[in-house]
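One structure below.
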Amino acid sequence: MGVVQFYTGSLIAGLLYAASAASTHANETPSSAGKTIKFSGSQYYPPLEWIDENGSAHGFISDLEREMANVTDHQADIQLMQWNAALQAVLTGDADAVPLIASEQRSAQFDFTQPFFYVAHGIFARNDGPQFTSLDQLANRRVAVARGAYAEDQFVATDYNVELVFARDELNCLEVVTQRLADACVEVATTSRALIERYDLPLQLTSPPFWPQPYAFGVRKGNTELLDLLNSQLAHLVVTGKYQQLSERWASELEWQQPSLLEQVKDLAWLISALLVATLAVASWGWLLRREVQAKTAELSDELKISKNLQQQVAYAATHDDLTGLLNRKAFFDIINNQLPLDAQQRLTIVVVKIANIDSIITTFGYTSAVNTVKHFAQRLQRVQSATHAHFGSGLFGVITSEPLSIALLVEQLATSQDISWNDIEPSPVYGVASLTQSDSEQIDAAELVRHALTALAHARKRRIPFFEYTQRIEPNAEQLQLLDEFHKVGCKQFVLHYQQQLSLNSDGRHHIEALIRWQHPSLGLISPNRFIPMLEKSGGIRKVTRWVILEAVKKLVWFQRLGIEVVISVNITSHDLVDDFFVPFVRDDIPESLRDHLIFEVTERELFDNPDKARSAMLELSSMGIRCSVDDFGTGYSTLSYLHDLAVDEVKLDRLFVSQICHNERSFKIVKSTIELAHELGLTVVAEGVEDDATMARLAELNCDRIQGFLIAKPVPEETLDIVVTRN
């Protein structure tokens, strides 16, 4: 069985899972239907990909990329170049994806699709020179590798004592050996053999293949939207049979081929001739010739053993994680699915474990420390008896068992650090647990069971607890997922602003209004911000929304100025904006100086103290530009007025919880009274929100509150009616 035929079967489960998982990701789509996906790649990598004399891309991967693009009505723009330039094109954004070996070293910069092929490396040397059968024999030798290639990463990461000679690309790696500038070239066996034949190079493969690795598409780190699209396209090709058809077209060139019996006989032609001559001439030489035949037979037997070992290595690599030696995700899912549906009284428990501090370990102590942490934790995990263990990658592990399991005891056992040396970093694992009984096992598969455990893990991380067991009540809100998906499709196009007036009790000659965002959904109607703002804050989309609101408010201020109306607009921002390094430059570049003193940025009290140092720096810069800052919902957090003064705050908005009770709750009255007095002592303006009756307004006027806001004054109104309301004020 060849490599292509072997992997065609393994694609189905992994890529179908990727296709289902793609629908759960809520990120922006890289390009809509009918647009172009830019693929980069190597120009010297036959039969996988190469450029002909007319500059056209050919090869198994190039055909696969075109078929993938057709699935979603995209165009495939395939640009083949020097290998290192192909990698950089994706990292700089000049290309979307590149086919490459998926390795731990590259995972720091790339995210990988499901594998679609497997490759192995080999040692290539001159026909008339030393023949190297293993990497150990390359010690103290000059070894050529292509710049940016997987071989370079492997030699740099290990202690092989070789002198590296860096080549421009795969073809140049072989050429420098023919030019005697290097003793050997280490490259992918299949492609290098094709290059040797195509360019008639006096080289040969001298070693059995090694480093069997999966081949996948790589996208720039964090570009999950494109990753999901490519996985979905691959899955479609598999389930429709197009991947199998494409594999069969290229199978004769892609499959690893051992030397044929005819080739072996040709290699021994001199021996056969010698046998004939010796038999006819001198019968006494027969014993010597028989010894030679036996020696060659032994060599052939050794080669067969090497081939068998290679097949075993490839089979092992297809089911095991290279870093930890545990099962990979595909094999783990297969084991679960093979046990379903469960027998009566049988119970399965799955635990997914995430090393929560893995990213911090990488950024603080380096990639090597992170790798060691993952390896040591994998060894610790294998102590769990009567269980199957797997590593999904990036510090995410899975455990499945049918034995009774105490998750609390498991957490305690894996927390021991006897295998951690003084210079290792202790992992911070978080656990998600899901269980399955016979009654539910007919309606669920491995992917859904793992999703349950991952949902529990996400809930544990959100609550900052070590573990959580899955229940139906923690399922993600379907409406929020729908809204998040639509937000990434349409952006801010369906948002509208409503405006609510404030009344100045001590008139400063200006009208004050607050901009309040709404979602005018085509099917769900007008949606309150309480239903989508928290979701956008978690997903990172709130930064885009804040900028949109600010720019819309600026447009409205320009409109008011043309009417000769002095208006100040309050806009809500979040702590995410204050800690965003690009927020202050955005304000400086996109808000005209003449309008800055007509804007007030409101941030809630709780958010203000999530990152006080960063907030202080940002608010000081905003203040220096003439933009005032207000603390919203004041009184519900833990701040003091003096601390707010240090943060360059210009006003505070009293929370409606206190304001609404000042007429019948003495405690609330005293809190509001003292806050107004202290705020005025510090030169701060006080705004009371939630004013809904005349008695409350009168009491606030007695306390010298500066402005009030609430339904008694005005309800939030759409933009088109705001000019009428302002005219009447």
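Listed here are the residues, each with its yes/no results for (1) outside any helix (DSSP H, G or I); (2) modelled with pLDDT under 80; (3) within 20 Å of residue 326 (Cα to Cα); (4) within 23 Å of the chain's Cα centre (by Cα).
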site: 399; (1), (2), (3), (4): yes, no, yes, yes
site: 404; (1), (2), (3), (4): yes, no, no, no
site: 408; (1), (2), (3), (4): no, no, no, no
site: 418; (1), (2), (3), (4): yes, yes, no, no
site: 421; (1), (2), (3), (4): yes, yes, no, no
site: 427; (1), (2), (3), (4): yes, no, yes, yes
site: 432; (1), (2), (3), (4): yes, no, yes, yes
site: 436; (1), (2), (3), (4): yes, no, no, no
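If you go through region 488-501 one residue at a time, do you hit one that is surrounded by fewer than 19 Cβ atoms within 10 Å (Cβ to Cβ), in a helix (DSSP H, G or I), at pLDDT 90 or above and in contact with a Leu (Cβ under 9 Å, 6 or more places away or on another chain)?
Checked against the condition, which is being surrounded by fewer than 19 Cβ atoms within 10 Å (Cβ to Cβ), in a helix (DSSP H, G or I), at pLDDT 90 or above and in contact with a Leu (Cβ under 9 Å, 6 or more places away or on another chain), region 488-501 yields no hits at all.
Mind listing just one residue for me: the one in region 311-339 that is of a type in the set (Val, Ile, Thr) and either touching a Pro at 6+ places or on another chain (Cβ under 9 Å) or part of a helix (DSSP H, G or I) (or both) and, of those, farthest from residue 460 (Cα to Cα)?
Residues of region 311-339 of a type in the set (Val, Ile, Thr): 314, 319, 324, 335-336.
From what is left, the residues that are either touching a Pro at 6+ places or on another chain (Cβ under 9 Å) or part of a helix (DSSP H, G or I) (or both) are 314, 319, 335-336.
Working: 314: 37, 319: 29, 335: 26, 336: 24 Å.
Among them, the one singled out is 314.
Quick one: count up the residues across region 668-683 that are among the aliphatic types (A, V, I, L, M) and buried (at least 21 other Cβ atoms within 10 Å of the Cβ). Step through it out loud before you land on a result.
Going through region 668-683, the residues among the aliphatic types (A, V, I, L, M) turn out to be 671-672, 676, 678-679, 682.
Subset that is buried (at least 21 other Cβ atoms within 10 Å of the Cβ): 672, 679.
Of the residues in that region, 2 qualify.
Determine whether residue 165 is of a type in the set (A, V, I, L, M, F, W, C), under 34 Å from the mean Cα position of the chain (by Cα), within 22 Å of residue 215 (Cα to Cα) and surrounded by fewer than 21 Cβ atoms within 10 Å (Cβ to Cβ). Reasoning before the result, please.
Working: of a type in the set (A, V, I, L, M, F, W, C): yes; under 34 Å from the mean Cα position of the chain (by Cα): yes; within 22 Å of residue 215 (Cα to Cα): no; surrounded by fewer than 21 Cβ atoms within 10 Å (Cβ to Cβ): yes.
The answer is no for residue 165.
Only one of (1) modelled with pLDDT under 90; (2) crowded, with 18+ Cβ neighbours inside 10 Å; (3) in a helix (DSSP H, G or I) is not met by residue 696, so which one is it?
(1)
For the structure I just gave you, tell me whether residue 516 is out of contact with any Pro (no Cβ under 7 Å at 6 or more places or on another chain), farther than 19 Å from residue 615 by Cα and either touching a residue at least 24 places away in the same chain (Cβ under 8 Å) or part of a strand (DSSP E or B) (or both).
Values: out of contact with any Pro (no Cβ under 7 Å at 6 or more places or on another chain): no; farther than 19 Å from residue 615 by Cα: yes; either touching a residue at least 24 places away in the same chain (Cβ under 8 Å) or part of a strand (DSSP E or B) (or both): yes.
Criteria not met by residue 516.
How about region 545-578: which of its residues are surrounded by 15 or more Cβ atoms within 10 Å (Cβ to Cβ) and of a type in the set (Lys, Arg)?
Selection gives 547, 556.
Residues 551, 608, 536: which one is modelled with pLDDT of 90 or more and either on the phi > 0 side of the Ramachandran plot or among the hydrophobic types (A, V, I, L, M, F, W, C) (or both)?
Working: 608 fails: modelled with pLDDT of 90 or more; 536 fails: modelled with pLDDT of 90 or more.
It is 551.
Return the residue satisfying two criteria in turn: it lies in region 438-455 and is hydroxyl-bearing (Ser, Thr, Tyr) and in a helix (DSSP H, G or I), and of such residues it is surrounded by the fewest Cβ atoms within 10 Å (Cβ to Cβ). Walk me through how you get there before you give the answer.
Looking only at region 438-455, we keep the residues that are hydroxyl-bearing (Ser, Thr, Tyr), and these are 439, 441, 455.
Then keep just the ones that are in a helix (DSSP H, G or I); that gives 441, 455.
On the way: 441: 18, 455: 20.
So, considering only residues that are hydroxyl-bearing (Ser, Thr, Tyr) and in a helix (DSSP H, G or I), the one surrounded by the fewest Cβ atoms within 10 Å (Cβ to Cβ) is 441.
Just checking, which of 220, 198 is touching a residue at least 60 places away in the same chain (Cβ under 8 Å), charged (D, E, K, R) and within 21 Å of residue 40 (Cα to Cα)? Give the derivation first.
Working: 198 fails: within 21 Å of residue 40 (Cα to Cα).
Only one candidate passes the filter, namely 220.
Among residues belonging to region 167-198 that are assigned to a loop (DSSP other than H, G, I, E, B) and touching a strand residue (DSSP E or B) at 6+ places or on another chain (Cβ under 8 Å), point out the one that is nearest to residue 102 (Cα to Cα).
Applying the first criterion (assigned to a loop (DSSP other than H, G, I, E, B)) to region 167-198 yields 168-169, 179-183.
When the remaining residues are screened for being touching a strand residue (DSSP E or B) at 6+ places or on another chain (Cβ under 8 Å), the result is 168-169, 180-183.
On the way: 168: 21, 169: 19, 180: 31, 181: 30, 182: 27, 183: 28 Å.
Among those residues, the one meeting the criterion is 169.
Within region 456-487, track down each residue that is of a type in the set (A, V, I, L, M, F, W, C) and surrounded by 14 or more Cβ atoms within 10 Å (Cβ to Cβ).
Going through region 456-487, the residues of a type in the set (A, V, I, L, M, F, W, C) turn out to be 456-458, 460, 465, 467-468, 474, 478, 481, 483-484, 487.
Selection gives 456, 457, 458, 460, 467, 468, 474, 481, 483, 484, 487.
Restricting to region 373-393, and then to whatever is surrounded by fewer than 16 Cβ atoms within 10 Å (Cβ to Cβ) and in a loop (DSSP other than H, G, I, E, B), can you tell me which residue is modelled with the highest pLDDT?
So, considering only residues that are surrounded by fewer than 16 Cβ atoms within 10 Å (Cβ to Cβ) and in a loop (DSSP other than H, G, I, E, B), the one modelled with the highest pLDDT is 382.
Please list, ordered by first then second residue, the pairs with beta carbon atoms under 6 Å, 6 or more apart or interchain, first in region 233-246 and assigned by TED's automatic domain parsing to the domain that holds residue 113, second polar (S, T, N, Q).
244/8
Quick check on my filter: what residues within region 290-341 are exposed (fewer than 13 other Cβ atoms within 10 Å of the Cβ) and touching a His at 6+ places or on another chain (Cβ under 6 Å)?
Once the filter is applied, which keeps residues that are exposed (fewer than 13 other Cβ atoms within 10 Å of the Cβ) and touching a His at 6+ places or on another chain (Cβ under 6 Å), region 290-341 yields nothing.
Per-residue answers, yes or no, for (1) of a type outside the set (A, V, I, L, M); (2) over 25 Å from residue 458 (Cβ atoms):
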residue: 341; (1), (2): yes, yes
residue: 354; (1), (2): yes, no
residue: 357; (1), (2): yes, no
residue: 362; (1), (2): no, no
residue: 373; (1), (2): yes, no
residue: 393; (1), (2): yes, no
residue: 399; (1), (2): no, no
residue: 413; (1), (2): yes, no
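The values are calculated or read from the model by the stated rules, or taken from the named source; none is laboratory data. Since the model is a prediction, treat every value here as computed from it, not as a measurement. Neighbour counts run over all protein chains shown; Cβ positions are idealised from the backbone, glycine included.
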